[in-house]
Amino acid sequence: MKPGKIRALALCIFRHGSRILVAEGYDVVKDQVFYRPIGGKIEFGERGAETVAREVREEIHEEVKDMRYLITLESIFTFDGQPGHEIVLVYDGKFVDEAVYEMDSIEAVDEDGEYLFIAVWKELEDFLYGSEPLYPEGLYEFLEKRR
């Protein structure tokens, strides 16, 4: 992340019952595990839903369908000791391959086969007390209201 720059992201909520698919991250400065829906940086000329489809295809090699815009969240945060600022478009979507919903976890790798992150299915309730937070901030509250 470039210091002093605002990033535009598109993330997707994939649901399976009361669980959502989230990427597990770790902040070394805070010594804290955290979670975020999968997706990524919006490229110039790309719509948010297109970003989600591209990122999911590139990272976990799955196709998405039924994309639906939910909300935009603004996130000002510190990660690994560095300030960050993101505008986040959040979508709801489904996987084309229903077998994804039965996987315990999914390893994300880049085009060179290098490990990026692990995505896991987590109960929405797991984020209630915030010991392992769900980012961006405000997402848990939004999803809880829509339950």
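How big is the chain by Rg and Dmax over its Cα atoms, in Å?
Cα only, the chain: 14.5, 41 Å (Rg, Dmax).
Quick one: order Glu55, Glu43, Glu132, Glu86 by neighbouring beta-carbon count within 10 Å, fewest to most. Don't skip to the answer; put the middle values down first.
Values: Glu55 22, Glu43 12, Glu132 15, Glu86 19.
Ascending number of Cβ neighbours within 10 Å: Glu43, Glu132, Glu86, Glu55.
Taking Cα pairs under 8 Å and at least six residues apart, what relative contact order does segment 14-134 come out at, in percent?
This gives 30 percent for segment 14-134.
Which lysines have a Cα lying under 29 Å from the Cα of Lys5, excluding residues fewer than 8 positions away in the same chain?
Within reach: Lys30, Lys41.
Treating cross-link reach as a plain straight distance, find the lysines whose alpha-carbon is under 17 Å from the alpha-carbon of Lys94, omitting any fewer than eight places away in the same chain.
Lys65, Lys122
Starting with the fewest neighbours, write out Phe77, Phe117 ranked by other beta-carbon atoms found within 10 Å of each beta-carbon. Display every interim value, and only then the final one.
On the way: Phe77 14, Phe117 18.
Result, fewest neighbours first: Phe77, Phe117.
What's the exposure ranking of Leu128, Leu89, going from fewest to most Cβ atoms within 10 Å?
Starting with the residue having the fewest Cβ neighbours, the order is Leu128, Leu89.
In whole Hz, with x marking every Gly and Pro, tabulate ³J(HN,Hα) for segment 86-97 from phi via Karplus 6.51 cos²θ - 1.76 cosθ + 1.60, θ = phi - 60°.
Computed from phi, the couplings for segment 86-97 are 9, 9, 10, 8, 10, 10, 10, x, 10, 8, 5, 8 Hz.
Along the Cα→Cβ direction, 7 angstrom out, place labels at Tyr101 and Tyr115. What is the inter-label distance in nm?
3.0 nm
Per residue of the chain, what 222 nm ellipticity follows from adding -39500 (n - 2.57) for every DSSP H run with n ≥ 4, rounded to the nearest 500?
It lands at -4500 deg cm²/dmol.
Rule-based calculations on the coordinates, nothing more; no lab input. Note that this is a predicted model, so its numbers are computed, not measured. Neighbour counts are summed over all protein chains in view; Cβ atoms, including those assigned to glycine, are modelled from backbone coordinates with ideal geometry.
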